[in-house]
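Report on the following structure.
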Amino acid sequence: MVMKLSEEVLNELISQVVRKDAVAIVNLLRGKKNVSEVKLAEKLKLTINQIRSLLYSLSNYGLVTNIRKKDKKKGWYVYFWNFEEETAFKLKHEVNQKKLDELKSQLKIEEKINYYICPDECERVSSEDALECNFKCPDCGKLMVQESNIPGIIKIREEIKKIQNELTEEKLEIQKDFEKKIAKTSKKIKKIVKKTKKAVKNKKKRR
Ligand SMILES: [Zn+2]
């Protein structure tokens, strides 16, 4: 199956975006179909209400879906849950896109702002403030020097590159999956057309 996150990436995503204590449920649901919430509660030693609250926070992101069945003996509904791999993959893609935007604006700020520091490290001031005090340290009077933020900029640039690579790979997978779905649908349509043609032919014959 395409569009599946590794366990490590998925767990990080769930604890970052949803909540940390929802990770265990996701791991129990993954790779299985229609897991009852009673079973989840038993396995995680939580009450049904606690389990439901976790499942609802996951379902707010479309990460889990449910089907309900009536318990014939007890007369109430039991919910069975499924984990949505594709939604998780797309959520990760969205998170990465947001991260990229944040890093880009952070980079702009870092490249624009200059700081001046005292060689004895008593003060760190913006270039504006440094100009006001003639580049002399307000504490000891020593001439302040421009702080190099190049290491910070390099670090942000590296992070940007890494996320851009991830985004490219993700886009490729989403595209592949989309093409697969299109192919499947056109195959179905062809089948229907063929069937219809045959039915029309038979009708004509009967006349
Ligand atoms: Zn100083």
Query raised in the report: If contacts are Cα pairs under 8 angstrom and at least 6 residues apart, what is the relative contact order of the range 90-150 in percent?
Result: 30
Report task. Output the antiparallel fraction of DSSP beta bridges having both residues in the chain, as a percent to the nearest 5. Result -> 100
**Report entry** Helix-only mean residue ellipticity at 222 nm for the chain, each DSSP H run of n ≥ 4 adding -39500 (n - 2.57), per residue, nearest 500
**Finding:** -20500 deg cm²/dmol
Requested in this report: Using only the alpha carbon atoms of the range 90-185, find the Kirkwood hydrodynamic radius as the inverse mean reciprocal pair distance, in angstroms to one decimal.
Outcome: 16.5
Query raised in the report: Using alpha-carbon pairs under 8 Å, 6+ residues apart, how would you state the relative contact order of the chain in percent?
Result: 16
Query raised in the report: When you count, for each residue, the other Cβ atoms within 10 Å and take the mean per peptide, how do 159-165, 87-93, 108-114, 73-79 rank with the highest first?
Result: 87-93, 159-165, 108-114, 73-79
Query raised in the report: With labels modelled as points extended 7 Å from the Cα through the Cβ direction, what inter-label distance (nm, one decimal) is found for A183 paired with K201?
Result: 2.7
Query raised in the report: Arranged by the count of other C-beta atoms within 10 angstrom, fewest first, what order do C137, C122 take?
Result: C122, C137
Report task. Please label the shape of the chain as rounded, prolate or oblate, based on the square roots a ≥ b ≥ c of the eigenvalues of the alpha-carbon gyration tensor (a/c under 1.5 means rounded; beyond that, a/b larger than b/c means prolate, else oblate). Result -> oblate
Report task. Determine the dipole magnitude for the chain: charges of +1 sit on the beta-carbon of Lys and Arg, -1 on that of Asp and Glu, nothing else is charged, the reference point is the Cα centre, and the result goes in debye to the nearest 20. Result -> 4660
Query raised in the report: In nm, to one decimal, how far is the L143 label point from the R19 one, both placed 7 Å along Cα→Cβ?
Result: 5.9
Query raised in the report: Mind checking the angle between helix 150-206 and the chain's longest principal axis? C-alpha axes, 0 to 90 degrees, to the nearest 10.
Result: 20
**Report entry** Between 0 and 90°, nearest 10: helix 48-59 axis offset from the chain longest Cα axis
**Finding:** 80
Report summary line: Projected onto the charge dipole of the chain (unit charges on the beta-carbon of Lys, Arg, Asp and Glu, signs +1, +1, -1, -1), the Cα from Y56, N82, A24 with the largest positive-side position is that of N82
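Values quoted throughout were computed directly from the atomic coordinates according to the rules given, and no laboratory measurement underlies them. Computed from a predicted structure; not experimentally measured. Every residue, glycine as well, gets a Cβ built from its backbone with ideal geometry; the counts of neighbours run over all protein chains shown.
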